1. So is residue 62 part of a helix (DSSP H, G or I), of a type in the set (D, E, K, R) and in the same structural domain as residue 21 (by TED's automatic domain parsing) or not?
2. Given the structure, is residue 56 out of contact with any Pro (no Cβ under 6 Å at 6 or more places or on another chain) and over 28 Å from residue 251 (Cβ atoms)?
3. Which of the residues that make up region 254-281 are surrounded by fewer than 19 Cβ atoms within 10 Å (Cβ to Cβ) and within 21 Å of residue 183 (Cβ to Cβ)?
4. Counting only residues that are under 25 Å from residue 113 (Cβ atoms), touching a residue at least 40 places away in the same chain (Cβ under 8 Å) and outside any loop (DSSP other than H, G, I, E, B), how many does region 224-274 have?
5. Checking the conditions here, which among 148, 142, 128 is touching a helix residue (DSSP H, G or I) at 6+ places or on another chain (Cβ under 9 Å) and farther than 21 Å from residue 351 by Cα?
6. Do the conditions hold for residue 163, that is, is it buried (at least 19 other Cβ atoms within 10 Å of the Cβ), closer than 24 Å to residue 117 by Cα and at pLDDT 95 or above?
7. Take residue 301 and decide whether it is more than 19 Å from the chain's Cα centre (by Cα) and buried (at least 24 other Cβ atoms within 10 Å of the Cβ).
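The values are calculated or read from the model by the stated rules, or taken from the named source; none is laboratory data. Quantities reported herein were computed from a predicted structural model and do not represent experimental measurements. Please note: Cβ atoms are built from the backbone with ideal geometry, for glycine as well, and neighbour counts cover all protein chains shown.
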Amino acid sequence: MSKKIVYLIPRFSTGGAEKMLLDYVRYFKGQGFEILVIAVLAGGELEIEFENSGAKTYVFEKKGFFSFFKNLKKIKRIIKNFEADLVHSHVFSADFTAYFVKKEFKNTKWISTQHNVEYNSSFIRKKVWAKILKSADKVIAVSEKVFVFDKNYFKLKNNLIKIQNGVDVEKWFTGKKEILKNKTVNLAIIGRLTKQKGHEYLFEALKDLKDKNWVLHIFGEGELKNKLKKIVKKFNLDKQIIWRGVSKDLITDTTEIDVLTQPSLWEGLSLVIMEMMLQGKIILASEIAAEELIQDKKTGFVCKNKKSKDLTEKIKYIIENREECKKIAKIGQDYAVKNFAITENLKKVAAIYRDL
């Protein structure tokens with residue numbers, strides 16, 4: 001089995017790919033592997049956690065197109081000196097880097113994990129991705145819909161495999177804590193403040209519920225923060241919204257949360273839905289975010305994609321039918337315990353490392 005692994009990631013931010021990679025680093029470090037992690041574009045909120053994992057870490061900063069290729073030379077030198085057996089990349093910039101590493105070090109195996117359906121990526125990016133991934137020894141799709149996209153659009157065949165995402169059940173399962181115990185319903189949306197997460201549709205939905213007793217906690221940072229704050233002000237929602245920023249301890253910071261809202265426009269397989277289901281929260285997600293995770297009115301609630309009116313009705317229903325929603329959350333939590341563990345993912349990834 002390979003003993004030296006280099007993980008490549010664009011940034012050490014708090015996205016699903018980064019959190020999953022952190023689980024990989026900790027697990028395989030504990031299995032006796034020597035691990036090196038490189039952020040090819042910038043650092044981020046999880047940088048300290050990666051450093052504390054015991055793995056060697058490097059952070060590069062992109063300052064324009066040509067700086068990327070300047071950094072690439074340094075990255076290849078680091079990988080050569082490390083004598084890596086295997087490079088495992090996550091997300092486009094890391095895949096792009098790994099492609100050139102593979103071209104230079106032909107005996108070094110390359111695995112790419114695809115975390116998302118990429119319909120919303122630019123035409124050029126998708127074409128580049130389709131070309132470079134054919135050089136990977138193995139491409140891992142984290143869900144069935146990602147697998148189908150990669151197969152049909154990127155035209156991947158023999159090197160494509162599906163390994164479902166997972167989370168640390170022992171870490172996120174917090175027992176049977178009561179939700180909806182207060183008069184005020186605590187809603188949350190967790191993720192980067194980007195178009196993908198659908199914040200605007202949520203605000204549009206909530207403006208028609210100002211007479212209801214709720215508070216929305218917004219976790220995350222991102223390029224749309226100023227725009228989203230203007231929308232909140234326009235809809236007069238300021239008094240019912242709390243901007244929480246990036247959480248350093250999401251388990252503690254979400255203790256009082258009753259409902260996770262996830263109106264995403266696209267997703268691979270949402271780790272935050274898994275995490276909050278394990279905590280016993282009510283999940284309200286768009287069809288595209290709920291796919292492969294939630295059954296409507298059985299383990300959570302599903303709303304139509306990009307339909308704020310449907311989102312309004314579902315939030316109103318949760319507020320007005322608390323006892324029923326508590327039961328659904330409990331069923332969802334039990335389902336998550338049985339189905340969302342990362343252990344199977346780790347076993348299958350370890351098998352790929354071994355086979356390569």
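1. No.
2. no
3. Once the filter is applied, which keeps residues that are surrounded by fewer than 19 Cβ atoms within 10 Å (Cβ to Cβ) and within 21 Å of residue 183 (Cβ to Cβ), region 254-281 yields 255, 256.
4. Matching residues across region 224-274 total 7.
5. Of the residues listed, the single one that is touching a helix residue (DSSP H, G or I) at 6+ places or on another chain (Cβ under 9 Å) and farther than 21 Å from residue 351 by Cα is 128.
6. In short, yes.
7. yes
Residues checked against (1) in contact with a Leu (Cβ under 8 Å, 6 or more places away or on another chain); (2) in the same structural domain as residue 25 (by TED's automatic domain parsing); (3) β-branched (Val, Ile, Thr); (4) not in a helix (DSSP H, G or I):
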{"position": "301", "(1), (2), (3), (4)": "yes, no, no, yes"}
{"position": "310", "(1), (2), (3), (4)": "no, no, no, no"}
{"position": "314", "(1), (2), (3), (4)": "yes, no, no, no"}
{"position": "325", "(1), (2), (3), (4)": "yes, no, no, no"}
{"position": "330", "(1), (2), (3), (4)": "no, no, no, no"}
{"position": "349", "(1), (2), (3), (4)": "no, yes, yes, no"}
